[in-house]
Amino acid sequence: MLLIDQYAYINHLAKTHPVEKIVLSLFLLIFSLTVKDALISLITFSMMSGLIIFAAKIPWKYYLKLLCIPGLFLLSSMVGILFSFTQHAELLYSSVWQISFLNGTVYITTQSIQMCIQLFFSVLNSIGCLYFLTLTTPVHDLMQVLKKCRVPQLMIELTELTYRFIFVFLEISVSVFQAQNSRLGYISIKRGFHSLGMLISSLFVHVFHRSKELSIAMDSRGYHESVNFLEDSYHYSKRNWTLISFIFVLIIGVYIEFGGILV
Amino acid sequence: MNDLYFEIQHLTHRYADGTVALNDLSLTISKGKKIALLGNNGAGKSTLFQHLNGILQPSSGSILFENRPMKYDRKSLLGLRSRVGIVFQDPDSQLFAGNVRQDISFGPLNLGWSEDKVNEMVEWAMTETEVTPLQDKPIHFLSLGQKKRVAIAGVLAMNTDVFILDEPSAGLDGYYSKQILQLLNQIHQLDKTIILSTHDVHFAYEWADEMIVMSDGEVIYHGDPIHIFKQEDLLLKAHLEKPWIFEMAEVLEAKNIISNINDFPRNKEQLITYLK
């Protein structure tokens with residue numbers, strides 16, 4: 001139903017122990033965000049992308065499309081940070097570039113350039129790390145790890161139910177939309193708006209109905225205190241841990257040797 | 001008196017909008033029976049099932065479970081539900097866990113069994129309903145028929161004394177309906193009772209040893225699954241048709257090949273022996 005969710009289950013790293021994937025991606029994420037080094041960010045991003053495409057075997061075209069989504073946000077916010085605007089051009093002292101028109105001035109400062117570069121690289125490596133996690137790890141595996149980390153049970157149950165209900169929502173909206181469409185509900189813009197309104201209101205009714213039914217069904221299966229499931233059994237792999245430690249050592253080494261070489 | 005699971009006395013259920021779903025209904029459910037519940041749409045079958053699981057409370061009347069009046073506090077309900085399992089008609093409203101195996105394990109873990117026992121029961125339920133190959137799939141990857149089987153497995157794994165199924169064969173193809181029939185025959189033991197509602201008279205006639213027919217919130221027939229089909233007025237009222245095996249048997253009866261109504265063939269194999 002959702003491709004990004006589907007890949008989490010069918011990629012070639014889906015059977016790898018979730019803790020290994022989480023440790024790898026979170027360590028790299030936190031390390032590169034702390035040292036704020038362009039080179040490290042680039043290496044992290046390429047390594048994560050490499051793992052996504054070659055190890056998890058996610059089609060590169062799809063990965064590229066996914067990158068475009070945060071890419072757009074990144075670009076628009078970089079434009080906002082890069083350019084500043086003032087009506088008192090005489091107070092400007094550190095601008096690298098400026099242009100005046102009417103009674104205002106648009107300018108760029110060295111600070112804003114630096115900030116942009118920093119933003120660009122931080123976002124780049126964060127995207128890489130988080131996409132690695134989302135594309136290779138099913139949601140309920142993440143929940144299992146969170147449970148082991150003693151995250152409050154209530155939070156985990158809420159997340160799990162929310163996750164399930166995203167798909168209930170989607171399924172209902174798709175089927176209602178198809179039913180409307182097959183009776184020409186979207187034949188004109190006016191009818192379209194009317195149908196859309198009905199779709200949204202019926203979605204609410206449906207979802208409330210579903211959640212009520214679900215709570216009845218859970219009760220009748222003896223739900224009390226907490227939601228428990230059998231956990232999927234994964235095995236730690238020595239090879240993976242060696243690889244992960246090697247990557248850690250490598251990246252720290254690179255930072256000590258070559259840190260600050262770019263920008 | 002010890003062989004009863006449920007004793008329903010003058011049960012009436014009125015919904016908030018005033019609809020009377022069950023009207024002064026009295027019924028007993030014995031131990032060790034295979035019971036089919038038939039009736040037209042809106043006859044009150046699902047409402048009755050919800051009462052048997054303590055989901056609804058009677059507007060008036062009472063229900064006894066093993067000779068004790070049902071109580072609706074949390075603890076009593078948990079006790080009841082560990083003995084009485086129900087599979088709902090719409091599997092989507094029942095399934096919620098991340099993947100198939102986890103969903104099936106939900107009920108058994110609530111019963112407080114050891115992990116080994118839970119594992120064993122989950123494996124067994126998955127094998128019986130043929131969902132083992134699906135066990136790692138998330139629920140939203142499944143088709144309706146697959147969800148239906150997972151829903152059945154989820155309650156099956158709890159191994160309850162009373163097993164209620166609301167239209168188990170709806171939405172399943174012929175092959176899986178047959179599998180479910182076989183499965184229900186297999187899990188049926190001396191002191192267990194299976195109750196299912198269905199619109200499939202052929203299925204009910206073949207499988208059940210007791211039949212309950214409802215119409216407009218009332219029980220209009222409760223007895224063996226053969227005599228009901230002799231009562232044309234009841235069949236008309238409950239929108240039932242005769243199973244074709246029964247109709248064939250009537251022809252044989254007219255030709256004096258079968259003399260006693262209790263010898264009526266119940267399935268194709270039995271019918272064929274008469275034709276030889």
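Please treat every number below as a calculation from the coordinates, not as lab data. This is a predicted model, so every value here is computed, not measured. All Cβ positions, glycine included, derive from the backbone under ideal geometry; neighbour counts span all protein chains shown.
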Revision key, fill the gap. Simple SL model, points at 7 angstrom along Cα→Cβ for B:GLU115 and A:ILE99; separation in nm is 6.6 nm
Review point. In whole Hz, what ³J(HN,Hα) sequence does the range B:234-248 give by Karplus (6.51, -1.76, 1.60; θ = phi - 60°), x for Gly and Pro?
Key: 5, 4, 5, 5, 9, 6, 9, 10, 7, x, 5, 5, 5, 5, 4
Revision key, fill the gap. Longest principal axis of chain B (C-alpha) makes with the long axis of helix B:100-110 (C-alpha) an angle, in degrees to the nearest 10, of 80 degrees
**Study point:** Residues whose placed amide H lies under 5 Å from that of B:VAL87, excluding near-sequence neighbours
**Key:** B:ILE164, B:LEU165, B:ASP166
Study note, to complete from the structure: What one gets for the range A:114-210 as the Kirkwood radius, inverse of mean 1/r over different Cα pairs in Å, is 17.1 Å
**Study point:** In nm, spacing of pseudo-spin labels at B:GLN57 and A:HIS88 (7 Å Cα→C-beta vector)
**Key:** 7.2 nm
Practice item. Divide, for the range A:171-219, the radius of gyration over alpha carbons by 2.2 N^0.38 Å, where N is the residue count. Key: 1.39
Exercise for review: Only residues of the range A:10-27 count here: report those whose backbone N is under 17 Å from the spot 7 Å along Cα→Cβ of A:LYS57, or say none.
Suggested key: A:10-17
Exercise for review: For the range B:151-276, compute the number of Lys pairs whose alpha carbons are separated by less than 18 Å, excluding pairs fewer than 8 positions apart on the same chain.
Suggested key: 6
Revision key, fill the gap. Averaged over residues of A:130-140, the number of beta carbons from other chains lying within 10 Å of each residue's Cβ is 1
Check your understanding: Hey, what did chain A get for relative contact order, percent, Cα under 8 Å, at least 6 apart?
Key -> 30 percent
Revision key, fill the gap. In chain A, whole DSSP H helices that both stretch 15 Å or further along their axis by alpha carbon positions and average at least 1.6 on the Kyte-Doolittle scale are A:18-35, A:38-50
Review point. In bins 10 Å wide, starting from 0, what share of all Cα pairs of chain A does each bin hold, as a percent?
Key: 6, 19, 23, 22, 18, 10, 2, 0
Practice item. Compute the Kirkwood hydrodynamic radius of the range B:131-178, taking the inverse of the mean of 1/r over all pairs of distinct Cα atoms, and give it in Å to one decimal. Key: 11.7 Å
Study note, to complete from the structure: Under 5 Å from the placed amide H of B:ILE220, counting only residues 5+ away or on other chains, we find B:VAL213, B:MET214, B:SER215
**Study point:** Relative contact order (%) - criterion: Cα under 8 Å, at least six apart; region: the range A:75-157
**Key:** 22 percent
Review point. Can you work out the base-10 log of I(q)/I(0) for the range B:180-276 at q = 0.15, 0.19 1/Å, using the Debye formula on its C-alpha atoms alone?
Key: -0.65, -0.99
Study note, to complete from the structure: At q = 0.26 1/Å the base-10 log of I(q)/I(0) from the Debye formula over the alpha-carbon atoms of the range A:20-114 is -1.31
Check your understanding: Out of every Cα pair in the range B:111-205, what percent are spaced more than 24 Å from each other?
Key -> 20 percent
Review point. Got the relative contact order for the range B:1-142 handy, in percent, Cα pairs under 8 Å and 6 or more residues apart?
Key: 21 percent
Exercise for review: Quick one: P(r) of the protein assembly as shown from all Cα-Cα pairs, 20 Å bins, percents rounded to integers, in order of increasing distance.
Suggested key: 17, 39, 27, 13, 4, 0
Study note, to complete from the structure: Here the gain from full extension of B:LYS276 to B:HIS239, 0.36 nm per residue of separation minus their alpha-carbon distance, amounts to 10.0 nm
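For a 25 Å ceiling on Cα separation, which of these pairs sit above it: B:LYS33/B:LYS137; B:LYS31/B:LYS147; A:LYS212/B:LYS147; A:LYS148/B:LYS147; A:LYS21/A:LYS57; A:LYS15/A:LYS148?
Check vs 25 Å cut-off fails for B:LYS33/B:LYS137; B:LYS31/B:LYS147; A:LYS148/B:LYS147.
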Check your understanding: More than 29 Å apart: what percent of Cα pairs in chain B qualify?
Key -> 36 percent
Check your understanding: Across peptide A:164-171, how many C-beta atoms of other chains are within 10 Å of each residue C-beta, on average?
Key -> 3
Check your understanding: Between A:SER173 and A:LEU262, how many nm apart are label points set 7 Å from Cα along the C-beta direction?
Key -> 3.7 nm
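Magnitude of the Cβ-charge dipole of chain B, K/R +1 and D/E -1, about the Cα centre, nearest 20 debye? Before the final figure, lay out the partial values.
On the way: 26 positive and 36 negative charges, 77 e Å.
In debye, rounded to 20, chain B gives about 360.
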